[in-house]
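Written out below as structure tokens is the structure these notes cover.
Computed from the coordinates by the stated procedures, all read-outs in this text should not be read as laboratory data. Because the structure is a prediction, the values reported are computed rather than measured. Cβ: placed from backbone, ideal geometry, glycine included. Neighbour counts: every protein chain shown.
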Amino acid sequence: MASAKKIIEKVQLTQSGLLKQLTCLQPANRKKSSRPDYIAKLCDALPLSIRSDHLKDEWKLMVIQQPEPEVDISDRIEKYWRYFIDLKGSDGGPKYPNVSMVVKASLTLSHGNADVERGFSRSGCILTEDNTAMPLKMLNARLSICDGMLPYDRKPHLVPVTQHLLTLAHHAHASYNAYLEKKKQKESEANQKKAEEEAAAVARIEAEKHLKEEGKKLQSLEESLKKTKTEQHAKEKLTDSLLTEVQDKLKKAVQTGDATDIAVAQTLLETARAKREERQTAQVANEMQKRVDKRKSNLLDHFFKKPKTE
């Protein structure tokens with residue numbers, strides 16, 4: 001205690017900032033004139049929705065109305081402030097609600113990290129290398145059990161079996177069953193979704209494969225049509241040239257009156273006309289082929305058309 005008093009006297013941390021403002025909670029400093037300003041600044045530093053002027057007026061009123069409680073100076077500071085927090089007003093509520101709220105918030109501030117370090121150590125004893133997959137909910141539950149066993153020297157057989165304990169056990173069992181059922185349902189939904197995605201992927205691959213095959217067939221058909229059209233165009237050109245030549249030859253044969261030339265020219269003319277009729281027939285076939293190709297294309301477009309989303 002002597003060392004702590006010496007540190008408090010010499011340390012510079014209490015001369016400014018939050019530590020300085022927290023000195024207003026010391027019982028010996030409650031009635032000092034500067035403490036209303038300290039409590040107001042402390043309120044501003046905390047996440048509280050309290051007006052500073054109301055808090056300062058309430059603090060001054062508490063100093064005037066309430067005498068010092070009969071508390072031993074060696075007692076903990078929360079015991080001293082409990083006296084003021086438990087005071088009731090005419091309406092049955094806290095007599096000094098704003099001051100009580102600021103004091104409670106201030107006294108919850110950690111004095112160090114020892115509790116946190118102990119919590120890490122306890123968690124490390126439970127969360128071993130063999131239990132790294134333990135969920136956070138289970139870890140918190142086991143830590144709560146350890147805290148509950150402390151009053152009984154961590155000996156389960158010393159815990160009294162009461163009706164309240166049995167009720168809590170039933171509730172815990174029901175909650176655990178509900179948790180398992182919910183987990184099972186989530187896994188089932190996840191498996192169903194995965195199966196649907198896999199089926200959709202397989203169907204998409206099959207559709208792409210079928211479309212690729214149809215594309216190859218159509219490409220081959222188009223190449224054949226292109227080749228046929230090229231040959232047909234060459235035949236048409238040859239037929240037109242032959243027909244012109246035969247007509248000229250027939251004209252000359254008629255002028256000369258040569259019967260043999262006339263007969264030959266007539267034979268060639270009939271052949272050229274027959275070729276022209278074949279060309280016209282081939283053109284009709286090409287038109288029919290185009291209509292068939294168009295129907296196939298429409299059929300494929302309809303088959304692979306994506307469904308509309310609602």
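Would you please name the residue that is nearest to the chain's Cα centre (by Cα), looking only at residues in the stretch 148-192 that are assigned to a helix (DSSP H, G or I) and among the hydroxyl-bearing types (Ser, Thr, Tyr)?
Taking the stretch 148-192 and keeping what is assigned to a helix (DSSP H, G or I), we get 148-152, 156-158, 163-192.
Now drop any that are not among the hydroxyl-bearing types (Ser, Thr, Tyr), which leaves 152, 167, 175-176, 179, 188.
On the way: Tyr152: 45, Thr167: 38, Ser175: 27, Tyr176: 27, Tyr179: 22, Ser188: 20 Å.
Checking each candidate, the answer is Ser188.
So which residues in the stretch 19-44 are surrounded by fewer than 14 Cβ atoms within 10 Å (Cβ to Cβ) and in contact (Cβ under 8 Å) with a residue 24 or more places away in the chain, if there are any at all? Let's see the steps before the verdict.
Going through the stretch 19-44, the residues surrounded by fewer than 14 Cβ atoms within 10 Å (Cβ to Cβ) turn out to be 19, 26, 28-29, 31-34, 44.
The answer is Gln26, Lys31.
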* Among the numbered conditions (1) of a type outside the set (S, T, N, Q); (2) in a helix (DSSP H, G or I); (3) under 30 Å from Ile39 (Cα atoms), tell me where Ile145 comes up short. => (3)
* Asked: Is it the case that some residue within the stretch 136-152 is surrounded by 11 or more Cβ atoms within 10 Å (Cβ to Cβ) and charged (D, E, K, R)?
  -> yes
